[in-house]
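What follows is one structure encoded as structure tokens, with my remarks underneath.
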Amino acid sequence: MTEVASTVRSARKVREGVVVSSKMDKTIVISIVERVRHPKYAKFVQRTKKLYAHDEANDAQVGDRVRVMETRPMSKLKRWRLVEVLERAK
């Protein structure tokens, strides 16, 4: 009986955040805020992380709420790509 190794690819990570910079060509910087509970003090703390994402059409602008998906490394810092613009800046 031969056992075939299953090559199931895990689902790619998807994040939502707000565009904080769109000055680079085909690149946006998004800020992701997560609320985590402090283990000792049980207080909720906000943690912010910046992600560099590929925006092929230069579609997103500062203040837009966007959804990004994990992808192959595109440069030194870019590991995400823009999936959709959820809400335009007002």
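Values quoted throughout were computed directly from the atomic coordinates according to the rules given, and no laboratory measurement underlies them. Keep in mind the model is a prediction, meaning the values are calculated, not measured. Ideal geometry is used to build each Cβ from the backbone, glycine not excepted, and the neighbour counts take in all protein chains shown.
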Which one of these does VAL62 not meet: (1) farther than 21 Å from LYS13 by Cβ; (2) aliphatic (A, V, I, L, M); (3) in a strand (DSSP E or B)?
(3)
List pairs: first residue in region 71-90 and in a strand (DSSP E or B), second residue among the hydroxyl-bearing types (Ser, Thr, Tyr) anywhere in the structure, Cβ distance under 6 angstrom, at least six positions apart or on different chains.
ARG81/THR71
